[in-house]
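Working notes, beginning with the structure itself.
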Amino acid sequence: MKNYFTIMLVPHSPNSRTVTVRIPRWTVHAALFIILSSAVVFVSSVVYSSHVTRRMVSYEEMKAQTSLQKQEVERYSQETQKLSRMMAEITDKENQIRKMLGLKDVRLTAGLTGKSEYSLGQKLSSLRDGVKESRIRLDSLMNRVTEMRKRFAFTPSIWPAHGRIMSTFGYRSFPWRGFHAGLDINTAYGTPIKAAAGGAVSYAGWRSGYGNTVVIDHGSGFETLYGHISRIKILSGQKVKKGDIIAFVGTSGYATGPHLHYEVSVNGSKVDPARYLDLNMLQASSRR
């Protein structure tokens, strides 16, 4: 009987029979084990379900945050590409200006960097504003350089013919005594003579002492003269560009041998042509 539990149901009525229930001990133990196990499983399920729910909520939040970050990165990527294109345009203009001015290893735009304490968005915004300002400055500078280039085209700045200078500007005693108003460039007979600058031919013909002569009016008070020519290639009134061949070296007029007599006048006054040989655009602009 030690292996059983006995439950007796005693009625209040003396006529009713007492009911005795005998339950094996293992059945009670099994029932208690099942109840405890069920309780443990239930509690574990509730805890796990709560944990999973929190993880799901956290996952959704992370997913939403990741989506926002992805959109933000994509926007920054587009901004970066746009800035790269703008910087490429600025670099191209900078290179054009450097080429026009003959500059080397000179940056016309400052480096554009945001402060370290700024966020990425603020840095990109700062860079964008900096690029826009640089483009405005470069556009203004490009306009100025374009104007300088136009003026340079009409400023005597190249050798009309290459050779040895046999007589300089100023007073001389040989071969004729007196004031020499230009340069005598010794070179071979028939050497092409080039216009030292663009302009309009104001005279093309014979002139006493100079022989066959060409005079070019370059505007802004500049005028060049080419003397002792063997053959004139252009006509009076014709427009020429810097470097165009206008005539050929000869010995016409008072000349001891083939050479080019070259003069430069500024506002009607003769000046030393050597000052205007091999000028770059900046030097030519300052001479004007």
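Descriptive notes on the structure:
- Residues considered: 50, 13, 45. Of these, the only one that is modelled with pLDDT of 75 or more and exposed (fewer than 10 other Cβ atoms within 10 Å of the Cβ) is 13.
- Residue ID - nearest to the chain's Cα centre (by Cα), chosen from residues in region 132-165 that are touching a residue at least 40 places away in the same chain (Cβ under 8 Å) and within 18 Å of residue 248 (Cα to Cα): 158
- Condition broken by residue 163, with the remaining ones in (1) farther than 14 Å from residue 262 by Cα; (2) at pLDDT 90 or above; (3) not aliphatic (A, V, I, L, M) satisfied: (1)
- Single residue of region 224-282 satisfying the filter (assigned to a loop (DSSP other than H, G, I, E, B), surrounded by 13 or more Cβ atoms within 10 Å (Cβ to Cβ) and on the phi > 0 side of the Ramachandran plot) that is farthest from the chain's Cα centre (by Cα): 253
- Cβ pairs under 6 Å, 6+ apart, first in region 187-213 and under 15 Å from residue 262 (Cα atoms), second of a type in the set (Asp, Glu): 195/244
The values are calculated or read from the model by the stated rules, or taken from the named source; none is laboratory data. All values reported here derive from a predicted model rather than from experimental measurement. Quick reminder, even Gly has a Cβ in these numbers, built from the backbone with ideal geometry, and neighbours come from all protein chains shown.
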